[in-house]
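Notes follow the structure.
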């Protein structure tokens, strides 16, 4: 069942449907308003309206004259006017705008479905942003690790004289580039902070010997 069919089924279940359609038929005949605006708009949607699935987009259309946009404006609902195959239609877009329109004409379930779809889209967007951020951070970490390995390899292959403790640390780091500082420290019998300080010294030596 299409979303348009769902919305119209909901509206047809409401009291006053026959009156709404009668008002809409009169309006379509002479563009004159004969009754409540909300009821009239309900009738116009029942006779001439369509709605996009909220999972795809927030959009409703009324295949009527541009004057209907004035009715919507009176209800603080923004709309646009366009033509399709030479015939005008009024279009309502955007989450808040479309939700308010459905609420106005009595399609509360449809309005709620838009809210649920909006929340799901926002959740997916947040997950995507977080995933993209994590991937970017991972790429930076990998790139930094690769640069560190390259520096240490160049330092060990250079003629620079390294203190035994720094050489052992550099070799241990290259033996297992995925090891944590704590794991390297345990292997060498020094603390995590000791490993960090030695790595800082190695980085300084790389700078001094221009091997970056």
Next on the checklist: Tell me yes or no: at least one residue of the range 121-129 is surrounded by 11 or more Cβ atoms within 10 Å (Cβ to Cβ), farther than 30 Å from residue 203 by Cβ and touching a residue at least 24 places away in the same chain (Cβ under 8 Å).
Outcome noted: no
Checklist entry - So which residues in the range 162-188 are in contact with a helix residue (DSSP H, G or I) (Cβ under 9 Å, 6 or more places away or on another chain) and surrounded by fewer than 11 Cβ atoms within 10 Å (Cβ to Cβ), if there are any at all? => result 175, 178
Item to check | All positions within the range 26-40 that are at pLDDT 90 or above and either more than 16 Å from residue 66 (Cβ to Cβ) or within 32 Å of the chain's Cα centre (by Cα) (or both) | outcome: 38, 39
Next on the checklist: I'd like to check which strands (runs of 3 or more DSSP E) are fully inside the range 21-138 and have at least 2 residues that are under 26 Å from residue 9 (Cα atoms) and out of contact with any strand residue (DSSP E or B) (no Cβ under 9 Å at 6 or more places or on another chain).
Outcome noted: none
Checklist outcome for this item: Of those in the range 112-155 that are in contact with a helix residue (DSSP H, G or I) (Cβ under 6 Å, 6 or more places away or on another chain) and either assigned by TED's automatic domain parsing to the domain that holds residue 95 or modelled with pLDDT of 85 or more (or both), the residue farthest from residue 178 (Cα to Cα) is 114
Checklist outcome for this item: Taking the range 1-17 and the residues there that are surrounded by 14 or more Cβ atoms within 10 Å (Cβ to Cβ) and assigned to a helix (DSSP H, G or I), the one that is modelled with the lowest pLDDT would be 17
Item to check | Flag if residue 58 is within 25 Å of residue 26 (Cα to Cα), in contact (Cβ under 8 Å) with a residue 24 or more places away in the chain and in contact with a helix residue (DSSP H, G or I) (Cβ under 9 Å, 6 or more places away or on another chain) | outcome: no
Next on the checklist: Can you report the number of residues in the range 18-68 which are crowded, with 20+ Cβ neighbours inside 10 Å and under 19 Å from residue 88 (Cα atoms)?
Outcome noted: 15
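The values are calculated or read from the model by the stated rules, or taken from the named source; none is laboratory data. Values in this document were obtained by computation on a predicted structure and should not be read as measured data. Quick reminder, even Gly has a Cβ in these numbers, built from the backbone with ideal geometry, and neighbours come from all protein chains shown.
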